[in-house]
Amino acid sequence: MSVSLLLTLFLGAFLDATLGFCFFVFGEAFFLMAGGLLFTEHALWAVAAVLVGAYAADQTGFLIGRQMRPWFHRFVLARRSRRAVLHKTRRLLRRHGIKAVAASRLLGPVAWFMPPVCGSAGMAWHRFAAGSAIGVTLGVGMFVALGYLIAWGAARGDVDVEAYIRAHKWALLAGGQLVFILTGGISHYVGSALFRRV
């Protein structure tokens, strides 16, 4: 397995959970690829790359939230409704901190915002790190397992999965990004249309 592919898997997982880039990079394609590589090449490094990338993104988001804490507090304290949300968030993090962080990884876009919110809300880093580790293992692990099962099923159907992935790995990653972007756009359009009718 090439270093460039490992770096791509790491960056895909990292940018998927980094504010700003998360709207354009969808980690699911990289997680599925890692699962496929685990089946075809027993590539544990591919799985490690996506897990480490996702975990590093969470820690970076937490640090950004911690650094932006003064600005965040000025923004929140400017309105009463925002102050109420901040108090609820802090209460949630005090009662269910580790569980809330872990669960956020399974809730799509919530995972993008939870690390900076935890950092700016003053959550202890060791609690955030533990919740993030659990959430990344479950959230990323699901897609890695799915990629493994897809590759296994294709191999059972007499498809040379290893040769296919080796020949088309970059096209599969790019195609996966396109599919997820189109799916997100269609979902947004359909959701907006339904809300307008209600």
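Points worth noting:
- Scanning segment 95-109 for residues that are surrounded by fewer than 21 Cβ atoms within 10 Å (Cβ to Cβ) and not in a helix (DSSP H, G or I) yields Leu106, Leu107, Gly108, Pro109.
- Flag: Ala54 matches the condition of being assigned to a helix (DSSP H, G or I), in contact with an Asp or Glu (Cβ under 8 Å, 6 or more places away or on another chain), within 24 Å of Gly131 (Cβ to Cβ) and at pLDDT 85 or above.
- Residues of segment 57-68 that are exposed (fewer than 15 other Cβ atoms within 10 Å of the Cβ) and either in contact with a strand residue (DSSP E or B) (Cβ under 8 Å, 6 or more places away or on another chain) or assigned to a helix (DSSP H, G or I) (or both): Leu63, Gln67.
- Search result, residues across segment 114-165 that are hydroxyl-bearing (Ser, Thr, Tyr) and open to solvent by 40 Å² or more (accessible area, probe 1.4 Å): Thr137, Tyr148, Tyr164
- If you filter segment 6-53 down to residues that are among the charged types (D, E, K, R) and within 17 Å of Gly175 (Cα to Cα), you find that the one that is surrounded by the fewest Cβ atoms within 10 Å (Cβ to Cβ) is Glu28.
- Residue match in segment 15-32 (condition: of a type in the set (S, T, N, Q) and at pLDDT below 80): no
- Checked against (1) within 13 Å of Val144 (Cβ to Cβ); (2) more than 10 Å from the chain's Cα centre (by Cα), Val50 meets all criteria but (2).
- Among the residues making up segment 1-29, those that are part of a loop (DSSP other than H, G, I, E, B) and β-branched (Val, Ile, Thr) are Thr18, Val25.
The values are calculated or read from the model by the stated rules, or taken from the named source; none is laboratory data. Quantities reported herein were computed from a predicted structural model and do not represent experimental measurements. Don't worry about glycine lacking a Cβ; one is built from the backbone with ideal geometry, like all the others, and counts go over all protein chains shown. When the accessible area is computed, the model is the full protein with side chains, heavy atoms only, and any ligands, DNA or RNA have been set aside. Shrake-Rupley method; radii C 1.70, N 1.55, O 1.52, S 1.80 Å.
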